[in-house]
Amino acid sequence: NAGVTQTPKFQVLKTGQSMTLQCAQDMNHNSMYWYRQDPGMGLRLIYYSASEGTTDKGEVPNGYNVSRLNKREFSLRLESAAPSQTSVYFCASRPGGLNTEAFFGQGTRLTVV
Amino acid sequence: AQSVTQLGSHVSVSEGALVLLRCNYSSSVPPYLFWYVQYPNQGLQLLLKYTSAATLVKGINGFEAEFKKSETSFHLTKPSAHMSDAAEYFCAVTSSGGYQKVTFGTGTKLQVIP
């Protein structure tokens, strides 16, 4: 019963470095999401993928790219990290229907120095 | 566009007291509404969801919420707070206008005082 698995759990980057956050789900869900969580701002949607082969921008896509590698995997890439990207990142998946809930990973705590 | 507003970023209640966490939604089409809970250093997990079958929805851990269309509200309540309820609570919405998106509120941190 793994659900949604994110790696890594913690990461420290220097400004300008790049990295990819990995996310995989084993529930055969169609939709996958990347959110960032910052104090007082709730969860803000970065990118989402309604189904395999499609991706769309959310509220705060600047500085990020995503890849829906297959139905299971949805990765988030920071090409040139900035201190403003210090945050906790959550991946989530949903079956995709209107009334279906999202299932979340445990999060990745990223610090950019 | 769909959105939710949570009033009060921090709420404190005494153990055994009523818990009331407020959520108002904005949606041009009938919404589907959710409450999630986040314990420290964990991801979010579903408490309950409204899917139009019934306006009063019961969830896990004794929580419930009532959908009131006239007030565009979906407030979360629990009759008697327990220490283990201390967490952050998020209201969320999807709607047919943007059904693949799940939009979250800014969250309410619940403190339970012994």
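The values are calculated or read from the model by the stated rules, or taken from the named source; none is laboratory data. Please read all numbers here as calculations on a predicted model, not as lab measurements. Glycine gets a Cβ as well: all are built from the backbone with ideal geometry, and neighbour counts include every protein chain shown. All accessible areas refer to the heavy atoms of the entire protein, side chains included, with ligands and DNA or RNA removed. Shrake-Rupley method; radii C 1.70, N 1.55, O 1.52, S 1.80 Å.
The table below gives the values:
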| quantity | calculated |
| --- | --- |
| Residue of A:ASN70, A:ASN62, A:ASN99 that the Gaussian network model of chain A assigns the largest fluctuation, springs spanning Cα pairs under 10 Å | A:ASN99 |
| Chain A, accessible surface, carbon-and-sulfur percent (1.4 angstrom probe) | 49 |
| Accessible surface of chain B [probe 1.4 Å, protein heavy atoms]: carbon and sulfur percent | 52 |
| Over 25 Å [Cα-Cα, chain A], rounded percent | 15 |
| Neighbouring partner chain Cβ atoms per residue of A:91-102, average, 10 Å criterion | 5 |
| Where N is the number of residues in segment B:1-97, Cα Rg divided by 2.2 N^0.38 Å | 1.05 |
| Cut-off 13 Å between beta-carbons: net charge of the residues surrounding B:ALA65, Lys and Arg +1, Asp and Glu -1 | +2 |
| Whether segment B:56-114 is rounded, prolate or oblate, judged on the alpha carbon gyration tensor where a/c under 1.5 counts as rounded | prolate |
| Over segment A:3-63 - Rg/Rh using Cα atoms and the Kirkwood inverse-distance radius | 0.98 |
| Beta bridges per DSSP with both ends in chain B, % antiparallel, nearest 5 | 90 |
| Relative pair counts by distance (%), Cα atoms of the protein assembly as shown, 5 Å bins | 1, 7, 15, 19, 19, 16, 12, 7, 3, 1, 0 |
| Accessible surface of B:HIS10 - all protein chains present, 1.4 Å probe, nearest 10 Å² | 130 |
| Centre separation in Å (Cα based) which lies between segment A:64-111 and segment A:1-51 | 2 |
| Selected from B:GLY62, B:GLY43, B:GLY16 as most flexible by GNM, with chain B as the system and alpha-carbon contacts under 10 Å | B:GLY43 |
